[in-house]
Amino acid sequence: MTRDLQPTLLVGAAALAAFGVSLVNFAAQGTVDAQVGLTFGTVLVAFGGVFVATRRFAPEAVPHLLPPVAVIAGFGFVEIFRLNPFRAGLQRWWLLIGAALAAVVLAWIARNGLPSLRRYRNTQLLVAVGLLLMPLLPSEGSLPIRGLEVNGSRLWIEIDLYITQLNFQPGEVAKLLFVVFLASYLADRQPALKGAHRRIGRLTLPEPRQLGPLLLVWLGSLGILISQRDLGASLLLFLVFVAMLYVATGEGGYLVGGGMLIAIGGVASWQMFDHVQRRVSAWLDPFGAFEDAGYQVAQGIFGMGTGSLAGSGPGLGQPELIPNAITDFIFAAVGEEFGFAGTVAVLGCYALAIATGFGIALRSRDRFNKLLAFGLTFVFAIQTFLIIGGVLRVVPLTGIALPFMSYGGSALVGNFMLVALLLAVSHEEATR
Amino acid sequence: MPDLLLTLLRLIFLGLVYLFVWQVARSISTHLGLGGVRRRRRSGTRVALVKSDSQSGATFTVTDSMVLGRSDEADFFLDDPYASDFHLRLSTREGRLIVNDLGSTNGTYVNGRRVTTPVDLNRGDAVQVGKTVMEVR
């Protein structure tokens, strides 16, 4: 792309979102209202703002990461607006806040340089762990920050600002810190981790001492599973760690070891925890568990089945029958109202964004930048895979937000910052 | 009638989304230079590894400048225990291929003679690094 096509595409994405909202309006009341203009403005200001920030602070950044992300966000917004106009109003603010924070990240990196992220590595890890543990704070009491239990998982905190209360999922930011920490840790330790293996017959295994960190992270993610009852975050953290370890060293043994640990952890938690068991039975036989955990998955399948090839049309289906249709199951709602065609378009946008991210990693020459770009893209990709796979019954359902589509402020903010970091890496690599 | 209109509008919406995806995909492929591979190959010089423990038959194309060596960060990785991390540079200038030894430990040999200064290469010349022999195509 000539870099000049990007603004056109971003305007196009905003126009698509506005068009979608006008369709919803039209289906509901036969006319269009001010929401159409507001949507166009919001998407344009949010992504246009990030674009302007890129021009200013990272002019050499790849030009085709933002457009697909903008379409994904627009698509998600249409479906949220259709299901819950009140939440859509909030999502609008979160889009703007997320974009503003992305601009702040870009400006900060332009000022201090990417390598500055490598300083205070251990502090980053501590902050990440602290953020992950924050929801465990007592939910009653005089502290201004309280833990909150939502849908059986303890992922939320409630911050009392005296005027108003703000609910936030600190795990969304912790993910990013964890990736930054891992990138700098692995970039420094790469020579030590590489080649430290033992041969047993034809099998190459990592040196037992090197498996220490692997076991530690494994225990940590099991800890999250137990304490917060959150399958998604726990799996995500461990997968990111194993993938980055593999990319840093090129040792297939880490994949084998990581895979075995996932299998052990998976089977053990399936036997020990009721909530994992219910997820698995809802995955294997959603209609058999229709009265229980299978209800949501089954409704999602009904919805997508009803949507068929081209969908029922925005505002004309019944995605409100799917529990959590604006968060975890937004993909099923898109499948119902925009059909197979709509879901494939969404998947295409994700594929393009993810391919661009991995492209940044592949072209990076600096070890830290490469690992950072890979880790960030992997987080983005694996979240998309886990939740879409959960909705489509490819994997058991894990409660993870679909990046840029699901309703949710913390996830949106976290993902905007993730994209800003990727843009900063691509700029840095292009100017080296 | 409104039903028909809505269906039409929906299909237009989906069509526009696909148009958009296609535009982005096309721009990515031009950015990655997928369309320009053939052109570039003609302008560069091809070098083939004719003798190597593990890389025999591998080829690469020098378009601008390339560093060969045993380091991961070299442009072309030489799997040879006698190669230095950054062993030599191959560069093109006005259509000629030039080899430049980067102060390697075990030296670079062109047609059997050790070179220490930049040397022009011709088609068929053999460049030897350790046990690896490359031929200019």
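The values are calculated or read from the model by the stated rules, or taken from the named source; none is laboratory data. This is a predicted model, so every value here is computed, not measured. Methodologically, a virtual Cβ is constructed for each residue, glycine included, from the backbone with ideal geometry; neighbour enumeration extends over all protein chains shown. When the accessible area is computed, the model is the full protein with side chains, heavy atoms only, and any ligands, DNA or RNA have been set aside. Shrake-Rupley method; radii C 1.70, N 1.55, O 1.52, S 1.80 Å.
Rundown of residues vs (1) assigned to a helix (DSSP H, G or I); (2) modelled with pLDDT of 90 or more; (3) among the hydroxyl-bearing types (Ser, Thr, Tyr), yes/no style:
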position: A:ILE387; (1), (2), (3): yes, yes, no
position: A:VAL395; (1), (2), (3): no, no, no
position: A:LEU402; (1), (2), (3): no, yes, no
position: A:LEU412; (1), (2), (3): yes, yes, no
position: A:PHE416; (1), (2), (3): yes, yes, no
position: A:ALA420; (1), (2), (3): yes, yes, no
position: A:VAL425; (1), (2), (3): yes, yes, no
position: A:GLU428; (1), (2), (3): yes, no, no
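Hey, could you check region A:269-303 for residues that are among the hydrophobic types (A, V, I, L, M, F, W, C) and free of Cβ contacts under 8 Å to residues at least 12 places away in the same chain and say which is surrounded by the most Cβ atoms within 10 Å (Cβ to Cβ)?
Result: A:ALA289.
So which residues in region A:110-121 are in a helix (DSSP H, G or I) and free of Cβ contacts under 8 Å to residues at least 40 places away in the same chain, if there are any at all?
A:ARG111, A:ASN112, A:SER116 - these are the residues of region A:110-121 that are in a helix (DSSP H, G or I) and free of Cβ contacts under 8 Å to residues at least 40 places away in the same chain.
Can you name the number of the only condition in (1) open to solvent by less than 40 Å² (accessible area, probe 1.4 Å); (2) touching a helix residue (DSSP H, G or I) at 6+ places or on another chain (Cβ under 6 Å) that A:GLY113 fails?
(2)
What are the residue pairs meeting all of these: first residue in region A:363-388, first residue more than 13 Å from every other protein chain (Cβ to nearest Cβ) and without any contact (Cβ under 8 Å) to a residue 24 or more places away in the chain, second residue assigned to a loop (DSSP other than H, G, I, E, B) and among the β-branched types (Val, Ile, Thr), Cβ atoms under 8 Å, and 6 or more apart or on different chains?
A:PHE385/A:VAL395
Answer yes if at least one residue in region A:412-425 is closer than 22 Å to A:GLU149 by Cβ and of a type in the set (Gly, Ala, Ser), and no otherwise.
The answer is yes, given that some residue of region A:412-425 is closer than 22 Å to A:GLU149 by Cβ and of a type in the set (Gly, Ala, Ser).
Can you tell me which of A:GLY37, A:GLY30, A:GLY41 is within 9 Å of chain B (Cβ to nearest Cβ) and surrounded by fewer than 19 Cβ atoms within 10 Å (Cβ to Cβ)?
Unique residue meeting the criteria: A:GLY30.
Among the residues in region A:398-411, are any within 14 Å of chain B (Cβ to nearest Cβ), open to solvent by less than 30 Å² (accessible area, probe 1.4 Å) and touching a residue at least 40 places away in the same chain (Cβ under 8 Å)?
yes
Name the residue that is most open to solvent (accessible area, probe 1.4 Å), counting only residues in region A:310-339 that are facing chain B (nearest Cβ under 10 Å) and over 25 Å from A:GLY409 (Cβ atoms).
Among residues in region A:310-339 that are facing chain B (nearest Cβ under 10 Å) and over 25 Å from A:GLY409 (Cβ atoms), the one most open to solvent (accessible area, probe 1.4 Å) is A:LEU316.
From the list A:LEU96, A:LEU132, A:LEU90, A:LEU126, pick out the single residue that is open to solvent by 10 Å² or more (accessible area, probe 1.4 Å), without any contact (Cβ under 8 Å) to a residue 40 or more places away in the chain, assigned to a helix (DSSP H, G or I) and not basic (Lys, Arg).
Unique residue meeting the criteria: A:LEU126.
Looking at region A:291-309, which of its residues are within 12 Å of another protein chain (Cβ to nearest Cβ) and in contact with an Asp or Glu (Cβ under 9 Å, 6 or more places away or on another chain)?
A:GLY307
For residues that are in contact with a Lys or Arg (Cβ under 8 Å, 6 or more places away or on another chain), open to solvent by 90 Å² or more (accessible area, probe 1.4 Å) and either among the β-branched types (Val, Ile, Thr) or not in a loop (DSSP other than H, G, I, E, B) (or both), tally how many sit in region B:69-116.
Number of matching residues: 0.
Residues to consider are A:THR306, A:THR343; find the one that is surrounded by 21 or more Cβ atoms within 10 Å (Cβ to Cβ) and part of a helix (DSSP H, G or I).
A:THR343 is the lone residue from the list that is surrounded by 21 or more Cβ atoms within 10 Å (Cβ to Cβ) and part of a helix (DSSP H, G or I).
Taking the options B:ASP53, B:ASP125, name whichever one is open to solvent by less than 60 Å² (accessible area, probe 1.4 Å), farther than 21 Å from A:ARG365 by Cβ and among the acidic types (Asp, Glu).
Testing whether each residue is open to solvent by less than 60 Å² (accessible area, probe 1.4 Å), farther than 21 Å from A:ARG365 by Cβ and among the acidic types (Asp, Glu) leaves just B:ASP125.
Would you please name the residue that is farthest from the other protein chains (Cβ to nearest Cβ), looking only at residues in region A:2-26 that are open to solvent by 30 Å² or more (accessible area, probe 1.4 Å) and over 19 Å from A:VAL346 (Cβ atoms)?
A:PRO7
When region A:250-286 is examined, which residues are found to be within 25 Å of the chain's Cα centre (by Cα) and of a type in the set (D, E, K, R)?
Result: A:ARG278, A:ARG279.
Here is a yes/no grid of residues against (1) in contact with a helix residue (DSSP H, G or I) (Cβ under 9 Å, 6 or more places away or on another chain); (2) more than 28 Å from A:LEU106 (Cβ to Cβ); (3) open to solvent by 20 Å² or more (accessible area, probe 1.4 Å):
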site: A:ALA46; (1), (2), (3): yes, no, no
site: A:ARG55; (1), (2), (3): no, no, yes
site: A:ALA70; (1), (2), (3): yes, no, no
site: A:GLU79; (1), (2), (3): yes, yes, no
